[in-house]
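Each remark here refers to the structure printed beneath this line.
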Amino acid sequence: MLDGTARPVLSEKGYDHPFVQMRQFFDGAHIVFGNLEGPLTTRGKPEQEKTYVFRSPPDKVSQALKNAGFNVVSLANNHTLDYGADGLVDTIQALDSVGIAHTGAGINLHDARRPVILEAAGKRIAVLAYSLTLPENFYAGHNTPGTAFGHEAFIRSDVEGARRQADIVLVSFHWGQEGKTSLREYQTRLGRLAIDAGAVAVIGHHPHILQGVERYKNGVILYSLGNFTFGSYSNQAKVSAVAELTFTDERLAALRLYPINVNNFEVVFQPQPLIGAAATSVVDALRSLSAALKTELVNDNGTALLRLR
């Protein structure tokens, strides 16, 4: 989210600024995925029922995302319609103009639920995204624009359908409680449902802080990756992680989490890799949170590693 209190900094330094130190994680990856929190638009009217609404300059941010290496984003979150349908349309157009795929929101429910299908290393990868956050009026209807709501029936049907079209299915959820490491019951239920239906990995966000990792059957559920680059100063959202998923054929072989510093009082909207004792502290926290979910991560040179094969 490249607005909020970050706007003056990014207006001065440019919208590539947040990603300078992160490129090392993205270079060489077949797919780079993120949650795009807030519309890319100069149009629309702000949502009247919300305290915080965001928008970012479409041309500058879409190009910065492309320069950083992103090739697919989720639009299923509680800020996508901050500037209404006009803002959503502009966001889609801005992403399309630079070749970044998107999922989780659209001009109607059918469009919002449609998977993105990418090709990488001879495999077809489908990505789906859902929101379970308020406000409810942001959810798409049969004839109204918005985000894909994470209804059980939608998830099961969509994942099964995507699996018939693709070798690998990834599912993104905007869910959970802000600032809490504890999980809400539906996170576990829906995350496991997605894997039961054919997904290999579930990627969660919204709490702004890290939550645990659960190994479930042959897949993983990343309940919350915390913030990445987010345009606010926070005394709570200080550390996070970049998740690297490695596949062998169509099977998830390993998950590695790279600790990063997202404390904007220190990094000023430019996330920094953590090393040494600072990295170990994050890995230890992830190991503890994941152990409670019966999942064992190991500290591998300052990263949290889960080998599945």
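The values are calculated or read from the model by the stated rules, or taken from the named source; none is laboratory data. On a predicted model such as this, the values are computed, not experimentally measured, just so you know. Side chains are part of the model used for accessible areas, which takes the heavy atoms of the whole protein and leaves out ligands, DNA and RNA. Shrake-Rupley method; radii C 1.70, N 1.55, O 1.52, S 1.80 Å.
Structural remarks
- DSSP bridge orientation in the chain - percent antiparallel, rounded to nearest 5: 55
- For the stretch 67-225, the equivalent ellipsoid derived from the Cα gyration tensor has semi-axes of 22, 19, 15 Å, listed largest first.
- Helices in the chain, meaning DSSP H runs of at least 4 residues, each add -39500 (n - 2.57). Divided by all residues, the mean residue ellipticity at 222 nm is -8000 deg cm²/dmol.
- Helical segments meeting 24 Å axial Cα length and Kyte-Doolittle 1.0 threshold in the chain (DSSP H): none
- Each of H142, H208, H79 has its accessible area taken with a 1.4 Å probe; listed largest first, they run H142, H208, H79.
- Long-range amide H partners of A129 with built H, under 5 Å: G104, S172
- Relative contact order of the stretch 194-234, pairs being alpha-carbon contacts under 8 Å that are 6 or more residues apart, as %: 39
- Derived value for the chain: Kirkwood hydrodynamic radius 19.2 Å. Basis is the mean of 1/r over every pair of different alpha-carbon atoms.
- HN-Hα J in Hz across the stretch 28-44 - Karplus 6.51, -1.76, 1.60, θ = phi - 60°, x for Gly and Pro: x, 6, 6, 10, 10, 10, x, 9, 8, 9, x, x, 9, 6, 10, 10, x
- Per atom type, the chain shows carbon and sulfur on 47% of its accessible surface, probed at 1.4 Å.
- Hydrodynamic radius (Kirkwood) for the stretch 3-106, which is based on Cα pairs only, to one decimal in Å: 13.9
- Bins of 10 Å from zero: percent of alpha-carbon pairs in the stretch 201-261: 21, 49, 23, 6, 0
- With 29 Å as the limit on Cα-Cα distance, the pairs of K66/K123; K123/K294; K45/K180; K66/K294; K66/K217 that go past it are K123/K294; K45/K180; K66/K294; K66/K217.
- Estimated at the nearest 10 Å², the accessible area of T181 is 70 Å² with a 1.4 Å probe.
- Spatial offset of the stretch 180-214 relative to the stretch 244-309 amounts to 16 Å, using the alpha carbon center of each.
- Taking max minus min of the alpha-carbon positions on each principal axis, the stretch 183-309 gives extents of 41, 31, 26 Å, largest first.
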